[in-house]
Amino acid sequence: MSPSLRDELTGTARPALPPFVLLLPRGWVSVEPTKAAFADLAGRTSAVLRSVHRPDLDAQLRSMLERAGDEFLRRDPVRLIYPADVPADELFPLSITAVRLAAPGGGPLDPHVAALRRDRGARTLGDDGVILRWEEQHAHRVAGGELAVHSFDYLVAVPGTGRREGLLFSAVIPSAAGGERLDGDTVRAAGVLADAIMSTFRWSAA
């Protein structure tokens, strides 16, 4: 995203992110994060959940996506990634967001990484140690009740920043609503898919 006028005037604007490559499955898209993109994502996710006869998750996830989209766009959003044209038998109600992350006070992210390893069981994805991975469960109060989601999170240090900035990817799938849980196999399969996508990540200038 372009720096704000305030950033430009105060000299606090950050350099643009280096370009990166992420190979996506057939039918997936990586788009600029906008309200219109979130609306499209909500519509496509709704169709998936209706097709598997989960109107409870559909209504509640729409409410959560609207709120999450507004929150995401207030951060330092980079990309929104989701299945846009995928056969029904290959489709998951899964989406991936990417935001630029900086440590408070401009320091290195190392203490944050140490806390993720200690408190959330974060481990590297693959053998090269480039991507840190962890999982979390989140509960959201939404219209009509509570929605639980499962997230698969990935943190990559941005080169040239002295480990002061990272790129945070969050792959999210709904896991429960109204006291009922989504099929656990579906959630696990979504995690396998998210790992497969993220394992293709590389900085294209590297």
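The values are calculated or read from the model by the stated rules, or taken from the named source; none is laboratory data. Being a predicted model, the structure only gives us computed values, none of them experimental. With ideal geometry, Cβ positions are generated from the backbone for all residues, glycine too; neighbour counts draw on all protein chains shown. Quick note on the areas: whole protein, heavy atoms, side chains included, nothing else; ligands and nucleic acids left out. Shrake-Rupley method; radii C 1.70, N 1.55, O 1.52, S 1.80 Å.
Taking Lys and Arg as +1 and Asp and Glu as -1, the other residues whose beta-carbon sits under 9 Å from that of R26 total -2. Phi angles of region 125-138 translate, via the Karplus equation with coefficients 6.51, -1.76, 1.60 and θ = phi - 60°, into HN-Hα couplings of 8, x, 9, 7, x, 7, 10, 9, 10, 8, 10, 8, 10, 10 Hz per residue; Gly and Pro are given as x. You can think of it this way: the chain between L73 and R120 has 14.4 nm of extra reach, that is 0.36 nm per residue less the Cα-Cα gap. Here H138 sits with roughly 60 square angstrom of accessible surface, probe radius 1.4 Å.
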